[in-house]
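Participant: The structure under discussion is supplied below as structure tokens; questions concerning it will follow.
The values are calculated or read from the model by the stated rules, or taken from the named source; none is laboratory data. None of these values were measured; they are calculated from a predicted model. Cβ placement follows ideal geometry from the backbone for every residue including glycine, while neighbour counts extend to all protein chains displayed.
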Amino acid sequence: MVQLLGIPPQALFGQLLLGLINGSFYALLSLGLAVIFGMLNVVNMAHGALYMVGAFLAWLLMTHAGIGYWPALVLAPLMVGAIGLLLERTMLRRLYKVDHLYGLLLTFGLALIFEGIFRHQYGVSGQPYPIPDLLKGGSNLGFMFLPTYRGWVVAFSLLVCFGTWYAIERTRLGAYLRAATENPTLVQAFGINVPVMVSLTYGFGVALAGLAGVLAAPIYQVNPLMGSNLIIVVFAVVVIGGMGSILGAIVTGLGLGLLEGLTKVFYPEAANIVVFVIMAVVLMIKPAGLFGRER
Amino acid sequence: MPDGSITKTAMLEVGDLHAFYGESHVLHGVSLDVRQGEVVTLLGRNGAGKTTTMRSIMGIVGKRRGSIRFQGQQLIGMAQHRIPRLGIGYVPEERGIFSSLSVDENLTLPPVVKPGGMTVPQIYELFPNLKGRGSTQGTRLSGGEQQMLAIARILRTGATLILLDEPTEGLAPVIIEQIGVAVRALKARGFTIVLVEQNFHFAATIADRHYVMEEGRIVDMIPNDQLHANMDKLHTHLGV
């Protein structure tokens, strides 16, 4: 087969697919972070841990209750969302009137607690989670082999991301959310229960993380540290895209995943740092991020 | 009309209202009443407590003491988001047009709380400037158009009492005239309006009665037809 710049196409497309998969997770996670930051002004450091909790809940449902992938895809995010509601109602809510830093510290502490609990219970070796029967196997696209499950993850993540974008930018509920992000006092003065909206926003944001966790379970092993490995990159994605920008989070997440994949092909040594190099450059040129507005 | 007396038909009754921003005591026993269909202004210098009175009625200022009754219902202690649902619309001083929302989205943002609100075509008739601007970003409108939009979006909700905080601030005379026409039209439609105004001439063309505020208190109440007789007194209060 023809070689492209001295790279076999299988290797190139293989890495691009891997990049797209990683990008899908970046997009789902940074989307949740962006929604939460926009509404609550909280940098949710517990996001990675709740992604891990989502994966573990899917695994626990499977091993203890015999509940498979498809129901878990709905149940686990709902459970993570419920955990989020509880955290917001009992703890985060108390911190809105003080410096944002306290929200960051609280959620960071929560992340450590969640990880500690699961590490204590299940160790760090990781638990396997099978690919559901329907999505086993793959297809030869001619230029590359596409495992069905990976194709599903990319397609489904894109669907969820753009569904969320549509709901926020084009619907009435989304208009409430955008307005309350801008001026919660006035939205409340129109008769909308903003504190409930804030709770639901946090619940929804972390439910997205839980969903990403379930999607990730069959690809990576279910591991208490899977969140903390990923979340550092995701925060870099959010900084590059611009804090609080919905479309920015999605586009940057996917774009950086692809870029990481490409770097692995052309200059593997830099693959682990390329995102951070881009973050540094973006911060120098456009401190509010590529899609962010100056506050 | 027995001016100044609190009658049973009062729509809004504020009695001995004290309000606080943190430690500072801003309102010191404000009492006023607004009857159904009336336009009442709050006059006074900057910092006299006019805006705080409105924010207290809406529950935005949370630390309050005394009594605020709307159609007999006590608002102090009521959950903040329930107050507008009784039929009170608020147009804040800074207008509060949302930049992340289009003109249409701004217009339809406040939920309808009571039947009998104006329809969108009726609103466009009142504010022709807003017509055809639906997809424009809210904050791209001119200052006057933003003010019209801020009033317009309340009219849809079915609110019967409207709190208008300085609708003419920073606007050109020709725009102020348009706002005046609109407010008079609202009055004719039976809306009850509380108006905070620095522009005393504007207030005089619209209002039935004027409350004069000073240092967090009501110091005088002047019916509009006695305004000219009270000019000297008013000048001292307002320092104009």
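Participant: For the range B:12-27: of the residues being part of a strand (DSSP E or B) and exposed (fewer than 14 other Cβ atoms within 10 Å of the Cβ), which is farthest from the chain's Cα centre (by Cα)?
Facilitator: The qualifying residue farthest from the chain's Cα centre (by Cα) is B:24.
Participant: Of all residues in the range B:100-109, how many are closer than 20 Å to residue A:167 by Cβ and either within 22 Å of the chain's Cα centre (by Cα) or within 7 Å of another protein chain (Cβ to nearest Cβ) (or both)?
Facilitator: Going through the range B:100-109 one residue at a time, the tally reaches 6.
Participant: What are the residue pairs meeting all of these: first residue in the range B:73-86, first residue away from chain A (no Cβ under 12 Å), second residue hydroxyl-bearing (Ser, Thr, Tyr) and not in a loop (DSSP other than H, G, I, E, B), Cβ atoms under 8 Å, and 6 or more apart or on different chains?
Facilitator: B:74/B:67; B:76/B:67
Participant: Any chance you could count how many residues in the range B:110-143 are within 14 Å of chain A (Cβ to nearest Cβ) and either in contact with a strand residue (DSSP E or B) (Cβ under 7 Å, 6 or more places away or on another chain) or part of a strand (DSSP E or B) (or both)?
Facilitator: 4
Participant: If you take the residues of the range A:154-176 that are more than 22 Å from residue B:102 (Cα to Cα) and of a type in the set (Gly, Ala, Ser), which of them is nearest to the other protein chains (Cβ to nearest Cβ)?
Facilitator: Among residues in the range A:154-176 that are more than 22 Å from residue B:102 (Cα to Cα) and of a type in the set (Gly, Ala, Ser), the one nearest to the other protein chains (Cβ to nearest Cβ) is A:157.
Participant: Now for a different question. From the list B:110, B:115, B:128, pick out the single residue that is modelled with pLDDT of 95 or more and of a type outside the set (A, V, I, L, M, F, W, C).
Facilitator: B:110
Participant: Can you name the residue in the range B:65-83 that is buried (at least 21 other Cβ atoms within 10 Å of the Cβ) and touching a strand residue (DSSP E or B) at 6+ places or on another chain (Cβ under 7 Å) and is also nearest to residue B:152 (Cα to Cα) among such residues?
Facilitator: In this case the residue turns out to be B:70.
Participant: Answer yes or no: is there a residue in the range A:265-277 that is surrounded by 20 or more Cβ atoms within 10 Å (Cβ to Cβ) and either of a type in the set (Asp, Glu) or modelled with pLDDT of 90 or more (or both).
Facilitator: yes
Participant: Can you tell me which condition residue B:183 does not meet? The list is (1) surrounded by 14 or more Cβ atoms within 10 Å (Cβ to Cβ); (2) in contact with a Gly (Cβ under 9 Å, 6 or more places away or on another chain); (3) more than 14 Å from chain A (Cβ to nearest Cβ), and all the others hold.
Facilitator: Residue B:183 satisfies all of (1) surrounded by 14 or more Cβ atoms within 10 Å (Cβ to Cβ); (2) in contact with a Gly (Cβ under 9 Å, 6 or more places away or on another chain); (3) more than 14 Å from chain A (Cβ to nearest Cβ) except (2).
Participant: Now, a different point. Please enumerate the residues belonging to the range B:144-155 that are free of Cβ contacts under 8 Å to residues at least 60 places away in the same chain and more than 11 Å from chain A (Cβ to nearest Cβ).
Facilitator: Within the range B:144-155, B:144, B:145, B:146, B:147, B:148, B:149, B:152 qualify.
Participant: Test residue B:53 against the criterion of being under 18 Å from residue B:206 (Cα atoms), buried (at least 16 other Cβ atoms within 10 Å of the Cβ) and in contact (Cβ under 8 Å) with a residue 60 or more places away in the chain, and give yes or no.
Facilitator: no
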